[in-house]
Structure formats: C-alpha cells, structure tokens
Number of protein chains: 6
Amino acid sequence: MPVSRPSGRTSDQLRQVTIERHYTRHAEGSVLIAFGDTRVLCTASIEDRLPPWLRGKGEGWVTAEYGMLPRATSTRTQREATRGSQGGRTMEIQRLIGRSLRACIDRQSLGERVITLDCDVIQADGGTRTAAITGAYVALVDAVNVLMKRENLRRNPIMGAVAAVSVGVYQGEPVLDLDYSEDANCDTDMNVVMNDGGGFIEVQGTAEGHAFRRGEMDAMLDLAEKGIAELIGLQRAALDLG
Amino acid sequence: MPVSRPSGRTSDQLRQVTIERHYTRHAEGSVLIAFGDTRVLCTASIEDRLPPWLRGKGEGWVTAEYGMLPRATSTRTQREATRGSQGGRTMEIQRLIGRSLRACIDRQSLGERVITLDCDVIQADGGTRTAAITGAYVALVDAVNVLMKRENLRRNPIMGAVAAVSVGVYQGEPVLDLDYSEDANCDTDMNVVMNDGGGFIEVQGTAEGHAFRRGEMDAMLDLAEKGIAELIGLQRAALDLG
Amino acid sequence: MPVSRPSGRTSDQLRQVTIERHYTRHAEGSVLIAFGDTRVLCTASIEDRLPPWLRGKGEGWVTAEYGMLPRATSTRTQREATRGSQGGRTMEIQRLIGRSLRACIDRQSLGERVITLDCDVIQADGGTRTAAITGAYVALVDAVNVLMKRENLRRNPIMGAVAAVSVGVYQGEPVLDLDYSEDANCDTDMNVVMNDGGGFIEVQGTAEGHAFRRGEMDAMLDLAEKGIAELIGLQRAALDLG
Amino acid sequence: MPVSRPSGRTSDQLRQVTIERHYTRHAEGSVLIAFGDTRVLCTASIEDRLPPWLRGKGEGWVTAEYGMLPRATSTRTQREATRGSQGGRTMEIQRLIGRSLRACIDRQSLGERVITLDCDVIQADGGTRTAAITGAYVALVDAVNVLMKRENLRRNPIMGAVAAVSVGVYQGEPVLDLDYSEDANCDTDMNVVMNDGGGFIEVQGTAEGHAFRRGEMDAMLDLAEKGIAELIGLQRAALDLG
Amino acid sequence: MPVSRPSGRTSDQLRQVTIERHYTRHAEGSVLIAFGDTRVLCTASIEDRLPPWLRGKGEGWVTAEYGMLPRATSTRTQREATRGSQGGRTMEIQRLIGRSLRACIDRQSLGERVITLDCDVIQADGGTRTAAITGAYVALVDAVNVLMKRENLRRNPIMGAVAAVSVGVYQGEPVLDLDYSEDANCDTDMNVVMNDGGGFIEVQGTAEGHAFRRGEMDAMLDLAEKGIAELIGLQRAALDLG
Amino acid sequence: MPVSRPSGRTSDQLRQVTIERHYTRHAEGSVLIAFGDTRVLCTASIEDRLPPWLRGKGEGWVTAEYGMLPRATSTRTQREATRGSQGGRTMEIQRLIGRSLRACIDRQSLGERVITLDCDVIQADGGTRTAAITGAYVALVDAVNVLMKRENLRRNPIMGAVAAVSVGVYQGEPVLDLDYSEDANCDTDMNVVMNDGGGFIEVQGTAEGHAFRRGEMDAMLDLAEKGIAELIGLQRAALDLG
C-alpha cells in the first residue's frame, strides 16, 4: 500500500510545473520556472569575453551562478553578499547547474563567448536546483536563438535538451519530485539530470537517514526517467516546439 | 515650452505604479512594487533577536538590505556574493532605505525584535531606491499587522506612511520620477523621502552635469511633494485603507 | 529667542577654520584642515594611470578615499584594515567627496591621469566630511598647479571652487556647522556642497528625530550658502588668491 | 575485449592501497592512506565544543575539512589560504567527506563534542576524495577508541564501516578506481560511498564526455560494490580487527 | 675614512628627534614623534575588555596596530582598508611593536584591561617602526598615568623604558638611524629594541645585499646601544622626568 | 653546572636531523626535513611567469609560502583557508623564508622565472621555520638542477648554501635548537640564518621573559654558528656533495 504524500500526489507525480519565458526584459533569455511553490528566475546573459584559460581556443563557455533571496525560505537566510562569500551549498549547486548545461552545448559552435545562467530562487519549497536546471535550459535556448537571429552563429550549438528532477525514498517508498516537507523527512534524496536521449548527465544520491539499497536506487532511477521525460515535454511546449 | 520626455509623460507625471502584496508566501510582508519597468521585491522578515548594541533597552530595530539580480540591468552586473562584498552604491542605498523606514516606526512599541526589509531588484529602469522605499513601507505594515494579530504588540508601532520618489532636471526642465534613459541624461538627480504629514525624511540631490540653482531645487521639491502624495495614496489603496 | 549652542557660537557662525598647506612633503597636494577640533589631512596624489573603463577616452579622473584613525574618536573605532573591509559610512563619505571634487574639474583638460584625494581624519568632532571636501579642494588645486608647472597641461582643468558645510536644526533652531555634541543631539542634519558660483553640487539632508518642514529646509539652505561663501574665502586666502 | 588501462590493471582491480596509522603524534587519529600514488593524511581531532546550532541537544558532531598542498599536483595550485577562500571543489569535497562519515556514527552516543576530520592531500593522482573518506574512517575509529579508553563514552558510537571508491567508463569500458590519467580521459566518473552492510551512502556520477546509459551505471555500481568490499577488508586489517 | 652619509650626519648620529605629547585630545595617550622627516602618530587607548584567551586570569594586555597613510610614501600606496587586508609587512611591524611594549609592562599590575597602541605613519622617511616603538612608549606612559590618576591601579605597571633604533651597514660602514635613502642603498639593516637597563628586547637584522660578518654585527649593536640611550633620554625629557 | 634540557641533549647539540629528497613526485624539488619531531615538507616549483614588478628586467624571483596542517600542533589550529586569510605569524615566517633563500641565488642567472618554495608543517615540535629554511635550500638546489639538466640555464644561480637554526636561553643557559617544550619555557628565542661562508643572513632575537644581555647574545650566536655548520654538512651529504 502506497504511503500518503503530504501533498496528496501519487508517488510518480510531478508538482504543477509552469515555465514563463521573457519574464524580464534585459536578459537574452529570461525564464520563471515553478515546480509547485518553488519559483526560480533563470536568466541567460551573452557576453563577448572569455575566461583566461579558454583564450585562443576558438570555443565558448557556459557557466552558472545560483542565489537565494534572503526570504525565499521559511526563516530568513543571511544574504551571501553581506556575509562576504558564497556558501558551500551554493557553490555545489551552481557547479552542478553549469556542468549540466554544458552537457547540451557544442562549445565550438558557440564560438568565443560566454553564456552565464543566473538562477535566483524567489521562493523555495524543495527542488530548487532541479527547477533551476530545467528552467535554465529554456533560457539558454532563448539566448542561443538571439545569437542565431543576429547571424552570429553558423550552426546551432544546442545538442539536445536537459532537465532535472529529484527523487527520494519517503517513508520507505520511492517518490518523485520532493517538496520541502517531504525532503526534510525523507531517508534518501537523489538529484538526477538527464538529456532527451535518455542518457544520464548527473546522478547525486545521498542517504539522509539510513543507507539505501540497490533496489531502492533502481526504483528511484525509474521514477526520475519518467519525470524527466515529462519535464522535457513541458520545455518543448514552452519553446513552441510542439 | 516643456521638453519632450522620452517616455511621453508630462513633467509632473509618475510612471505606472503597481503594488502587489503577498507576492511570496514565507515572509511576514512581501510586496512586488513596479515603477514602470522597475520592479523590486520587498520582503519584511520578523526575527526575535536584537543587534548587540540594543540589548536590554526594550526597543526594536528596523533595518534594510538591498540587492540587484545580476541581469536586472541591461548588461550583466557581477553578483556581489561572488565578488565577496557589497559595493559602495549598494551600501549607500540600503542605509537610506533603513533610515527612511525607521522614521515611521516607534521602536519602543515594536518591542525587542528586528524587522529586516530585503529589497531585491528584479528588473531595473531607474528609481530602484525610491521604489524600494515605497514598497518596503507596505511590506513593513503587513509584517506589523502579523505581529498585531499574534497579539505580540500592545500598540501599533507604525507612526505614519513613508514614500519616496526621484526628481531631476532633464534638459533644463524639472521632471518627476526619472526612468533610466532620463536619469542617464539629466543634469541633476534628487531622491526625496517624505511622510504622510508632508515632512521631509531624506533629501539627496546630486548635480550630475552642472550645479543646480536654488530655484531648480524649489521646483524639484514641489514635484516631489506632489508625487509622494500620489504614492502614499497608492500605498493606502493597496493596503485597503481606502 | 535663539537657542544657546553648547559652543557659544551664534547660529550662523562657523567654527574656527584653519587651512595649512604643504603639511606633508611627498604628496603633490597636502593640506591639514581644521574645523574647530575636527582635523583632516587631505592629500592629492597624481598617478599616470587610468581606471580600465576610462582607457582610450582622453579624459582623466578624480577620486577620493576616506579614513579615520582608530582613535580620532572619543572611543576607539576598529581599524578598517583589520576588519577587512570599509564600512558603509566610509564608502558613502568617500563617494560624496569624489563626486564633489569631480564637479569642479574639466576631465578633458586634466588628461589621462588620476588624482586621488585621500582624506584621513586625525581628530573628529563632527563635520569630518565637509571639512574633507573643503580641504581636498585646496589639495587638488596644489596638485594641479604641480602639473601646470611641469607643463603637463595645456589648460587649467579647475573650473571653480568647491566647499562644503553641515547645517542642522538644533533644539528647533537652524544652525551652521555642527560640532559633535550638536550633531548628536540635533533633529536634522544636512550636508551641503556648493561651488563659488552659488550653485548646489550636493544636498544630503536627513531627519534624525522628526521630519523637517519645507521652511526649515529653506533656512538651512540659507545658512549653508552663507557658510560656504566664507569657506571659499578662506580657501582663496590659503591659496594666496587674495 | 577489454581495454588496456594505462596502469596495466584489470578493469576491476584497485590500485595498491596502504593504510598507515599513527602517522603523526598529536592527533587522536592520524592515518596516511595511499591509493597508488595518491597520498592523503587524515587526522581526527576531538574537541569539547559544539557548533552553536547543536547546543543543548545532547548530541555530538562529525565534520571534515579538505585541503591540497600546493604542489600535490603536477602543476602548482594556488594556496587557498593565500587566495583568501576555499574554492568550490574543496567545499564540495569536504561536505561529501563530512556527510559520509556522519553516516556511520551515532551522534547521541558520541556526546557533546566535535570530531574534525582533516584530510590533506600530500600527493594527488586521482581519487583523492575516495581515499580521504576511506582513510578518515580509520582515523575516526582511532579517535573514538581514545575516547573509549578515557571512559568518556558509555557506548561505542561507531555504527559500521564506511569506504569509498571511484568508478568510471574509460574508452567504453567500466573500470574501478581511476588514477589521474584515466580520470582525465574518461567519459564518466562516479564516486560511490558505501557501508559494510552493502548500503549506499553517496552516489555522485558525472558524465564528462557523453551521457551514460542505465546499463553503464549498473556495471559501475557492481564494480564499486566489489572495490568497497575490498577496501573495508583493508580497513579492518589496518585496525587489527582480523 | 668614514663614508659621507647623504644626510651629512656622522655615522653615530641620530636624526633630529622630537616628541610631542597630547597631540590629539581623545586618546588617553597621544604622541607625535618625529625621527627627522619620519612622523608617526602614536595613540594609546584604554579599554575595559579582554581578549577571550585572557579572561579570568587577572591580567591585562598591551597590543599594537600599525598603519601608513596612503601618501606617507613618495608614491601612493594602496590603502589596506580598500585592499581588504593588512599586508605581511604591516603585520610583522605591529607584532614587533606589541611585543616590544609588552616587555616593559607588568600585566598583573595593569589589571583586566587592554591598552591598544595605534601607530599611524603620517610621513615616512625610513625607520617608521623604530620611531613607532619609541613614541608608543611615551603614549603608553601617559595612558597608564591616566589610570593611576583615576586610582584604577594599585601599582604602576610600567617596569622600565623601551626605545628602538635602526642600524645598518652603508657603503661598508656601520651607521645609526638610517633614513630612507640610506636604507634603500644599505647592505644590512637591523632594528634593535632595548630597555633602559641596557637589555635587548628585540634584534632583527637582515642582510639586504651581502651577508654580514660577526664584526659588523658587533659594531651595529654598539651603535644601537648608544642611540637608544639617547632616545631614552629624550623620552624622559618629554615626560618631564628630568 | 649546565641545566638539564628536557630532551637530555647537551646545550650545543642539535636534534636528530634527517633530510629525505624526492619525497613527492610532482615538484621539481621535494624534501621532507625532520628536526627531531618537527617535520616539514618543502617543495620547490618552477614556473615560467614573473610577478608584474619584475617584468622586462631579465631577472627571476624566489618566493616562499608557509603553512601548518591543522593538526600539526598539539591542539587543532583553525585552517587558514577556512578563516579566509593567513595570520601574522604565517606571513612573518614565509617572508623570512623567502628573504633567506633569495640570499643564496643569483637572480640574473636564474632568468625570467619564479621558484616557489612551499613549506608545509606536517608535525610541529618547535623550530618549524628554521627546519623549513634548511630543507627549502635542498629543494631549491634540486629544482635548479632540473633547470640545469633541461639546459635552461647558462650558469648555476646557486651562490652558496643557506641553513637556519634557533638558539635560546633556557633556564639561564644558552642552548641550541629548541624543541617545543624548551621554546615555551625559555627566556629568549633567536632564529639565525647563515650561509656557508659564515656570513649572517638573518638574526631575529626576541626576549620572551626578561631582556637578554650582550653576553648572552654572543653565546647564542656562537651556538648558532656551530649548529649551522653542522646543518650545512647534512645538506651537503643529502645532496651527495660529499
């Protein structure tokens, strides 16, 4: 008998996901993505500069930065700009977002420029990093389309779609897309990033309570595959790719 | 003959101002305010702690922090959390917001707690600090009402309304509420904070091009008085104070 | 009936002001200015470099830094170099000094160089920022004269004099040039920067206690105009401009 | 036909692993672990203090810090103490080590104290984080035994063994325990942390080149299970547990 | 035949030394000391607090901080508060000053308080650290006398006088009290701190060009003994100790 | 009658000194040096870059960095990378090491490159800086020999050997090479750096308890000369210079 999730969702059910493009006007790509009450603003900024270690190689770069507004959370979190440095969790997440998005881009075709994906959490309710990756992909596509329209690129550097979701074991049962109250009480939490070819880009699983078994891992990966397929469908719809 | 403002507004006309309360769900007060294309999220967070220098005095404190999302601006600004410190402009603005809001609160009645006003610019088009002050006041009132409902306060500590607007001299003519393109090209820029009793809380005028004359200053203050009266009306409407 | 100022001065009376040039020997301009017990060392340093964003524009730059010796104040203040960053008040003040002095210089005539005005408070008794601006102007003129003598400049880039003074409302009465004990007890504090043409460069007024009225503002501006005219006379005398 | 690994090892073969206890004399636990040419010094330090957020809960804490000597690598890496902050990679790794070791300890039985595991890389040749976790476990056991001997603990807080290994897909074939030259050229890199009950504590897989398939993931997990079982055997032998 | 020093001094001649007490009014001790063109403001501040590691031991502490105004030097030096940290040279010097002054104080008699000696270089021409130590001693005595007058102390904690001077080998000849042009061209530079009993507190010698011989060291120590005896005489005169 | 040293050594006896070359494999020079229980890993790294202020001068540079593993000491020391900056003691020591090693190198012959000496303390028992200097010299020679073999240098830039030892006054008697328990209880501590020609490179003596007399200083220098001669012999033996 399945557990009753606090949200009333079935174990393989995503939260309500919405993707709003052109949310702000300055960025080349600007997407507000919501996974239920989690809301992340993802902007893609094109800059004609290169990090020093890439100069003269004829390639571009995609990088990400992650932030959380101080009151995105239920109690106020100290602003990292005031504290004087980004915390370990922030760095971990923005490195994950950067790696994930670089996996879908041909850096040679992008040419000598940088696209920065800024993912800022407006409201947090679990799964901010997976929402950020899923939304940043849409912002990245929009920014690349700006470059294509300006005829700056000969070939489209986007090699495929990327999306992410969390899965976990909640009260013994594998479930998809944990919200905060589920995440805080689950035994295992795993973030999965996949592409639209069904390949894995990142798998990061952590036993919060007790260690997880191989069988649980298999069940979580099954859920993630299902959820990510749906998310990639929603990305396509948002991008009018039908 | 009046100059033609790029926006087509008359010299004493505010931009379209909207105030959306309860924009996010965790903060005790959460307001998205727009002055035209400038959009600032203002949250008010109540915490039962005191800065060290206030302990044992039976008073509370109101403070503010200001931030700008990296791509709120037309070209990407470096994230202050990555840079490792807040810049001078940020500090100047958040100190102004804090002083302005403290001017409308009775710290004794507030009791031994801190309310932090986080003002984060989602999209910038000039006047972010005046929008922040005007929106933060509404968030502060909402937070104080939460305290009143919890019966934590004997007396309402709000002593009056506070709002702010910028005025300037654009191509020789005093104008109200400058947007970015006007601000970048004006000779003088002045930020004015007033209360609903018609008193001045802050006046900060800067000659950008040539020095301004006493007569220009008088004309700017007249415009500011008119604009702030309208903003206080909009605050009242948003707060259903009729 | 006028209030009795602690200092015994009349409401429109400056403190004893002294301006000592060539106070130290290395800097191109070096001025020790005293506004009563407030003493600030202002040096002007010429450097043949440019900030990155000015390169190739054929213009120069004038900037300022402000510091306070740890025991310039009645209790010891932590050294900012030890703390690891400049505080918000310091940044606010040095930005104000820089803007004020840039208002009197023609950056094209200055040529591709930077003049840095270091204003270090040796002893504080209120009004350190206005003393700093008034003294820094004299140091700047001395440094520019060094450049003129070296025949590095075709035209004198100094476009006029700049001086500053504080005004306030002390026990209900507008007064000029507040010392520390007046400043700590006043209702309103306003710093005014003007040029020798009677134009305003900066006006920064803050209600410390209750909001100030338009009439009080007018009276304070009158006092500032009078005080600054006297200060500009003292600058001229110090510079032997007769 | 299996690929030829640069090291000549078979695909399921660990490097030569050595574990040297009591390597330095001050720490309660001090272990030099080598995975081939990778050498990490792991010390465990007991301190009778608690992080603020744990005070009064009757529990202890285990945390980790990771560092790399500047010339542990083939080209010199900037010292993080000189740079002024720990990098994102360092933070990610030390958070992983800390979580992994906390998974094998009963914090209630540990009592109100902190054990810090410092893992400093003397020489790097791939797999520093997995060597660090495997060695830190032995140092942790030694430190706990010091506490047991001092009769500071009623019950042994160690709940089981923890070890870690990397696996990857090198030229199409899943291989165990990548050294640097394999790691730099592999398509996928996965770090796996397990306990002696066969449960998973952490799984962190990253597609470096192309995305990895479910079948590759399964094969990598099989290799990791085999390798970790051997490492736990080596830990037992080092600890004289037969 | 003796070398000709740029200053025209004989090899065992100090520069003109002046000691001006009560230079600023807030500090308990405030001394402007000049060694020729080197001018250092030394203030002594009493605070009724203790560093954490001294609490409950019934002892006091004496510490020092050193700074250099940006244009104390012939070319402008970056302000350490702007740079975000004190440099190695600054730390080295302030540690030396602190150790030197602690050598003349009985910390038990001082009681549970801290005296901080701030030594800020107004103008530099070599020997700033030795001038700082010599001046800080006078400021320390003044501060201790304030405590004695307040009847806060039962016994005078000053155990003797401390002064410092530099010596060096300039063009092959040992010389006393190097100014900047001598220091920049000398082979060896040694700073010596002694007490009024003829004991050595610190000796820090550095070969700048070639290594120095035992005989040169002996000659330098002789010069230092002579110079410090004179400086202690000047301290006594300044303190009206006859 | 001589005092009894805790270590049982005679007053002029060094601890057991071992020098192990090629301790790690990446660095051009890598030496583990032990002075008794003090163990320091010294690596020399060659880099084809120059600090900005040396560019175009045809010279090289030798610099040093010093670190202490957190549990090299009897109680854990905070990691400087976590704290965010190097402490004053660290800076003082690494500046000393750098100056000492530059004294034995001809920077013109070295050519436009930097050699960085990283001295990391694995275990501390007094005298870490003197062990670091003595070991760093051997690492430097190894690195220079790598350059010679690559035929990068026309002339060997090593001008002579450098070694260092501490001396002190322990219970009234001058002693050589203090270990931690002697250092913590001695009256005077002096670090001496000399070359193989018997010249002094650095002398840094500090009175910890009471001031030291000229006679004590002479006795300490005698001991240092003797100890350093032995250390230079050990360096020669380690370098197979016979």
Legend entry - Rotation relating F and D, chain D residue nearest the axis via C-beta, angstrom: D:81, 2
Inset, instruction - Starting from the Cα of residue C:229, step 7 Å along the direction of its Cβ; do the same at residue C:210; then give the gap between the two resulting points in nm. - result: 3.2 nm
Inset, instruction - Please list the helices of chain B that count as membrane-span-like by this rule: a mean Kyte-Doolittle hydropathy of at least -0.5 together with Cα atoms stretching 24 Å or more along the helix axis, each helix being a complete DSSP H run. - result: B:128-149, B:214-238
Inset, instruction - Compute the separation of the alpha-carbon centres of segment E:35-54 and segment C:190-242 and state it in Å as a whole number. - result: 37 Å
Legend entry - Spin-label model distance (nm) - residue C:171 vs residue E:57, 7 Å beyond Cα toward Cβ: 5.0 nm
Legend entry - Loop sites in segment C:184-239: trypsin sites (Lys or Arg not before Pro), DSSP, at most 16 other Cβ within 10 Å: C:213
Legend entry - Sorted by Cβ neighbour density within 10 Å, fewest at the top, the residues A:128, F:130, A:116: A:116, A:128, F:130
Inset, instruction - Would you list, by chain and number, the lysines whose Cα falls below 23 Å from the Cα of residue E:57, excluding same-chain residues fewer than 8 positions away? - result: none
Legend entry - Table column - 3J(HN,Hα) (Hz), segment A:151-159, Karplus curve with 6.51, -1.76, 1.60, x for Gly and Pro: 6, 7, 10, 7, 10, 5, x, 6, 9
Legend entry - Rounded if a/c under 1.5, otherwise prolate or oblate - segment D:64-191, Cα gyration tensor axes: oblate
Legend entry - Position residue D:109, label points 7 Å along Cα→Cβ, spacing to each other copy in nm (shortest first, one decimal): 5.7, 5.8, 5.8, 6.4, 8.3
Legend entry - Distant-in-sequence amide H partners of residue E:13 (H built 1.01 Å from N, under 5 Å): E:176
Legend entry - Cut-off 13 Å (backbone N to label point 7 Å along Cα→Cβ of residue A:49), residues of segment A:98-125: A:113-116
Inset, instruction - Let me have the 222 nm mean residue ellipticity of the protein assembly as shown computed from DSSP H runs of 4+ only, each contributing -39500 (n - 2.57), with the sum over all residues rounded to the nearest 500. - result: -10000 deg cm²/dmol
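Once the other residues with Cβ under 14 Å from the Cβ of residue F:235 are scored (Lys, Arg +1; Asp, Glu -1), what is the net sum?
On the way: positive: F:21, F:236; negative: F:20, F:142, F:196, F:230, F:240.
That sum, taken over residues with Cβ under 14 Å, equals -3.
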Inset, instruction - Arrange the following residues from fewest to most other Cβ atoms within 10 Å of their Cβ: A:223, B:32. - result: B:32, A:223
Legend entry - Cα centre as origin, Lys/Arg/Asp/Glu Cβ charges: chain C dipole, Debye: 860 debye
Legend entry - Whole-Hz ³J(HN,Hα) from phi, Karplus 6.51 cos²θ - 1.76 cosθ + 1.60, for segment E:25-37, glycine and proline x: 9, 7, 6, 5, x, 8, 10, 9, 10, 10, 10, x, 7
Inset, instruction - Please report how far the C-alpha centroid of segment E:65-108 lies from that of segment F:122-154, rounded to the nearest whole angstrom. - result: 31 Å
Inset, instruction - Can you check what the net charge comes to around residue D:210, using other residues whose Cβ is under 11 Å from the Cβ of residue D:210 (Lys, Arg +1; Asp, Glu -1)? - result: -2
Legend entry - Sequence-distant residues sharing a close amide H with residue E:126 (under 5 Å, placed H): E:180
Legend entry - Residues in segment B:33-58 that a label on residue E:150 would reach, taking backbone N under 15 Å of a point 7 Å out along Cα→Cβ: none
Inset, instruction - List the distances, in nm and shortest first, from the label point of residue E:218 to the matching label points in every other copy, placing each point 7 Å from Cα along the Cα-to-Cβ direction. - result: 0.7, 8.7, 8.8, 8.8, 8.9
Inset, instruction - Shortest first and in nm with one decimal, please list how far the residue D:241 label point sits from its counterparts in the other copies (point 7 Å along Cα→Cβ). - result: 5.0, 5.1, 6.7, 6.7, 8.4
Inset, instruction - Might you report the magnitude of the Cβ-based charge dipole of the protein assembly as shown about its Cα centre, with Lys and Arg at +1 and Asp and Glu at -1, to the nearest 20 debye? - result: 0 debye
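Classify the protein assembly as shown from the C-alpha gyration tensor, please: rounded if a/c falls under 1.5, else prolate or oblate depending on whether a/b exceeds b/c.
Because a/c hits 1.5 or more and a/b fails to exceed b/c, the protein assembly as shown counts as oblate.
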Inset, instruction - May I ask you to evaluate 6.51 cos²θ - 1.76 cosθ + 1.60, the Karplus curve with θ = phi - 60°, for each residue of segment F:182-188 and list the ³J(HN,Hα) values in order in whole Hz, giving x for glycine and proline? - result: 6, 4, 5, 10, 8, 8, 9
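Read-outs throughout are calculated quantities, based only on the coordinates presented, and are distinct from any laboratory measurement. All of these numbers come straight from a predicted model, not from anything done at the bench. Using ideal geometry, Cβ is built from the backbone for each residue, glycine included, and neighbour counts are taken over all protein chains shown.
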